[in-house]
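Here is the structure we will look at, set down as structure tokens.
The values are calculated or read from the model by the stated rules, or taken from the named source; none is laboratory data. Keep in mind that what you see is a predicted model, and the values were worked out from it rather than measured. Here the Cβ positions follow ideal geometry from the backbone for every residue, glycine too, while neighbour counts run over all protein chains shown. Accessible surface is based on the protein model in full, side chains and every heavy atom, while ligands, DNA and RNA are left aside. Shrake-Rupley method; radii C 1.70, N 1.55, O 1.52, S 1.80 Å.
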Amino acid sequence: MANHANAINKVKILVVGDSGVGKSSLVHLICHGQALSNSSWTIGCSVEVRVHEYREGTPSQRPYFVELWDVGGSNSHKNARHVFYNPVHGIILVHDLTNRKSQLNLRRWLSEVLIKEGGGTKARTPLVEEFDAEQFGGFAQVYGVKKMPVFVVGTKQDQIAEVRTSVRVRTSSIADECAADEISVNCHDQRSLAPGSSNAVKLSRFFDKVIERQQTTTSRAEPAGISFLERENSMYRRNKSVSSFIASN
Ligand SMILES: Nc1nc2c(ncn2[C@@H]2O[C@H](COP(=O)(O)OP(=O)(O)OP(=O)(O)O)[C@@H](O)[C@H]2O)c(=O)[nH]1
Ligand SMILES: [Mg+2]
């Protein structure tokens, strides 16, 4: 798809998971390359942007704005958060490696997003606590139809023994079901996503996958590209990481 020379494309990725698993810490690490010093509960949703070089090192390389929509996981917002779910081009599922329940809940988070992302006909779908996969033909079917790129991140790697980490990574069935890559990180340590590391390479590959999907599914209602003038809107202005990231590259 040809793009105007002075336009940068963008994709939107949702970051979901239980409250306190480390979504905001992870997003900060991805977008700023350093640990978030003090985090607090995310109210509603917070958006950060990372400039990603699509197909880096190939002739088709070009920059993309990757918007990371960090959705607060608190149950008190469960009835309102679906407003953030459409459109979406990819999903990062975050769980806490020390909290098994947060890993089991990823299936519910993914189902919630996939069903809401459809919009319209399923507008009255029950939210996560009441979700019944059977009602919608099962998780696999819902996922199979959507084929949404998914990436799974286990946080707080520093709080568990190394042996347990590898076991956890192998047993994450949600990643298997979605053919998703999975990484384990310590959000307090920037080396977890150091450039060139296996984690960083997997994340970069996921971003490429999201961009590829967006290129094949871009809706008429949402233009694929935004001009540099449009870039000056408030969302980008409040996010200093865009300019600092460009500068560091
Ligand atoms: N030790 C350790 N602590 C972490 C890690 N990631 C996050 N934390 C801590 O976990 C707490 C919760 O992190 P947040 O990033 O605010 O969690 P969240 O998922 O955004 O939570 P909500 O906004 O409520 O949905 C904070 O005190 C973080 O410092 C990690 O990898 N290791
Ligand atoms: Mg948060």
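Brief remarks follow.
- Checking the cross-link pairs Lys156/Lys209; Lys23/Lys101; Lys78/Lys101; Lys116/Lys202; Lys78/Lys156; Lys116/Lys156 against a 20 Å limit on the alpha carbon distance flags Lys156/Lys209; Lys116/Lys202; Lys78/Lys156; Lys116/Lys156 as lying beyond it.
- The residues packed around Val27, meaning those with a beta-carbon under 12 Å from its beta-carbon, carry a net charge of -1 if Lys and Arg are +1 and Asp and Glu are -1.
- Rounded percent of accessible protein surface that carbon and sulfur make up, segment 39-99, 1.4 Å probe: 50
- Accessible area of segment 56-99 divided out per residue, in Å², using a probe of 1.4 angstrom: 39
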